[in-house]
Amino acid sequence: MMFLVASSSASGADRAIRVADVLDRVRAHEFHPVDERSFTIDRHLKQHGIADLNDNDWQVRLLALRDLVRAGPDNVPQIVAGLKDQDVQVRYVCATALGALKAQEAADELERVVREDADALARSQAVVALGQIESERSLGLLRERLENDPSKDVRHQGELSIDQIQKKMGATEELAAAFR
């Protein structure tokens, strides 16, 4: 099934954004690997960080995020489906977009990622998204992950997300507009 959404590009011309096409672009890119602590490892030097300043991993992720946010609330079900993708980078950008869109309806699937995903990168971003959507019902899970997740990054993001939920300082329309 194909889903289309109209959006405005930077030049103002209308174009269609298909969630499937955005996720295919992410899958097709060869990202530097990440380790269990969610740190990027330079594929050539085998060390933390990226030595090549011309590397475009960040650009591929950011443009995918822009397009998913532009796809908007009508396409949240397709973005949520991306949380089950085999590719961790797809799961990462989908979780990021769901947080920026403040997609409350994604809470169940984001919680599943936090509980079950083997990759700390995906778990960490799902925790961030739960904070951005101000998912009060997720506080118990976030507190449990704060205490027990093997990843320091997930635990840290859990602490920040709990605070964000308690203070009701989730994602704003300005955040979504900035990504668009």
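Values as computed for the structure displayed
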{"quantity": "Residue match in region 55-65 (condition: part of a helix (DSSP H, G or I), free of Cβ contacts under 8 Å to residues at least 24 places away in the same chain and among the basic types (Lys, Arg))", "calculated": "no"}
{"quantity": "Residue match in region 113-133 (condition: at pLDDT below 95, touching a Pro at 6+ places or on another chain (Cβ under 8 Å), crowded, with 19+ Cβ neighbours inside 10 Å and hydrophobic (A, V, I, L, M, F, W, C))", "calculated": "yes"}
{"quantity": "Any hit, region 30-38, residues being at pLDDT 85 or above, open to solvent by 60 Å² or more (accessible area, probe 1.4 Å), of a type in the set (D, E, K, R) and more than 26 Å from Ala177 (Cβ to Cβ)", "calculated": "yes"}
{"quantity": "Pair list, Cβ < 6 Å and 6+ apart or interchain, from region 17-29 residues that are modelled with pLDDT of 95 or more and among the basic types (Lys, Arg) to residues that are open to solvent by less than 50 Å² (accessible area, probe 1.4 Å) and not in a helix (DSSP H, G or I)", "calculated": "Arg27/Asp87"}
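So that you can scan it fast, the table gives a plain yes or no per residue for (1) assigned to a loop (DSSP other than H, G, I, E, B); (2) of a type in the set (Gly, Ala, Ser); (3) open to solvent by 10 Å² or more (accessible area, probe 1.4 Å):
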| residue | (1), (2), (3) |
| --- | --- |
| Val90 | no, no, no |
| Ala95 | no, yes, no |
| Leu141 | no, no, yes |
| Leu146 | no, no, yes |
| Val154 | no, no, no |
| Gln157 | no, no, yes |
| Met169 | yes, no, yes |
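The values are calculated or read from the model by the stated rules, or taken from the named source; none is laboratory data. For clarity, every value in this text was computed on a predicted model and none was experimentally measured. No Cβ is skipped: glycine too gets one built from the backbone with ideal geometry, and neighbour counts run over all protein chains shown. We work out accessible area using only protein heavy atoms, side chains counted, and drop any ligands, DNA or RNA first. Shrake-Rupley method; radii C 1.70, N 1.55, O 1.52, S 1.80 Å.
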